[in-house]
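Each remark here refers to the structure printed beneath this line.
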Amino acid sequence: MSSNQMSKIYGLTGGIAAGKSTILDFFKTYGYKVYDADQIARQVVEIGSIGLKQIVATFGQEVLNVDQTLNRQKLAKIVFSNSEQLQKLNNITRPLIKKRILKIIADTKTSDENIISIFEIPLLFEGGYQQYFDGIITIYVNEEVQLKRLMNRNNLTREVALNRINSQMPMSEKRDRADFVIDNSGDLTHLADEFDKLISQL
């Protein structure tokens, strides 16, 4: 990082159902520029994209909707219950996503706007992105709270929800590897306090 760098960009991560979208809304309200890796993940598999072509070649036509868009639920059923299939999917999408993310980070760091940006990446550590950011923020939530929220939000059985949680890096590890931690195990008031604390540190 050059010493005259004015704009900063922080990576934000956390487990599934940790409350990332709520935190992103907080950042937007405070006037921070916010990027979202999920949005980029959708862009790299749009109709006509190389990503979608590779997915169809690997998993077959049945992962497409009638309008030729990707049927995410069908694909999720295939990959979430089979680590080998998940690996195949990651091998297709991750390089495409990474290329776009690194371009945004580079553009932000060389910008003379003097702004702070937040980039939300669910698989931040898994993808090795931490080295590109000015700091990493992890949203932490204890496992029982995480499990309940995921079951309620996605209407999943305990077993299916646990499978999804266990397919990710443990929350405690993400917490330990971060520069800043927001604990979202409590209610919204508690979260707002945690957020204010974070803002004063950035």
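The values are calculated or read from the model by the stated rules, or taken from the named source; none is laboratory data. These numbers were taken from a predicted model, which means no experiment stands behind them. As a convention, Cβ positions derive from the backbone with ideal geometry for all residues, glycine included, and neighbour counts pool all protein chains shown. To get the accessible areas, we keep the full protein, side chains included, count just its heavy atoms, and leave off ligands, DNA and RNA. Shrake-Rupley method; radii C 1.70, N 1.55, O 1.52, S 1.80 Å.
Cα axis of helix 20-29 to longest principal axis of the chain: angle in degrees, 0 to 90, nearest 10?
40
Using alpha carbons only, how many degrees (0 to 90, rounded to 10) separate the axis of helix 188-201 from the longest principal axis of the chain?
60
I'd like the orientation of helix 143-154 relative to the chain: the angle between its Cα long axis and the longest Cα principal axis, in ° from 0 to 90, rounded to 10.
On a 0 to 90 degree scale, this one is about 60.
Suppose we flag GluC sites (Glu not before Pro) only when DSSP calls them loop and at most 14 other Cβ atoms lie within 10 Å. Which is the longest uninterrupted stretch of the chain?
The longest uninterrupted stretch comes out as 127-202.
Taking only protein heavy atoms into account and a 1.4 Å probe, give the accessible area per residue of the chain in Å².
Here the residues of the chain average 55 Å² of exposed surface.
So how long is each side of the chain along the principal axes, counting just the alpha-carbon atoms, biggest first, in Å?
So the extents along the principal axes, rounded to whole Å, are 49, 39, 27.
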